[in-house]
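Note sheet for the following structure.
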Amino acid sequence: MTAAGWACIGILAIWAQLESDQISERVRKAMPVARAKNFHLGRPPVGFVWVKATKTFEPTCWALAIEADVPSYGKAEAGRRHPYEEGKHQGKPVSETSVRRILENLEFHRGG
């Protein structure tokens with residue numbers, strides 16, 4: 001590669017770093033504001049989605065179906081009967097640990 005090519009790559013890298021730093025600044029400034037407005041920061045709990053209109057988490061139909069099957073089939077079988085519906089694990093069975101977390105999240109959501 002020529003010297004001019006390396007220079008162009010260097011300039012592009014500097015612009016990319018600048019953009020990344022500017023995004024980080026905006027996020028850091030917005031986080032205290034979001035906390036003050038009582039917004040949840042981070043990923044939603046397993047089996048829930050964030051409903052922007054009501055500013056609350058709501059359980060997914062998938063999580064409710066797993067919960068309904070646990071008494072009949074047990075945690076391991078309920079996870080196999082209702083594989084992940086979306087994301088990188090789509091179609092794979094839900095682990096027993098994830099089923100336990102879903103059940104805990106649903107119980108917490110209901111105030112238990």
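Of everything listed in (1) of a type outside the set (Val, Ile, Thr); (2) under 30 Å from Lys37 (Cα atoms); (3) at pLDDT below 85, the single unmet condition for Pro93 is (2).
On the stretch given as region 1-52, residues that are within 30 Å of Leu106 (Cα to Cα) and basic (Lys, Arg) total 4.
All of (1) surrounded by 10 or more Cβ atoms within 10 Å (Cβ to Cβ); (2) more than 30 Å from Tyr84 (Cβ to Cβ) hold for Lys29 with one exception: (1).
The values are calculated or read from the model by the stated rules, or taken from the named source; none is laboratory data. As the structure is a computational prediction, the values presented were derived from the model and not from experiment. Glycine gets a Cβ as well: all are built from the backbone with ideal geometry, and neighbour counts include every protein chain shown.
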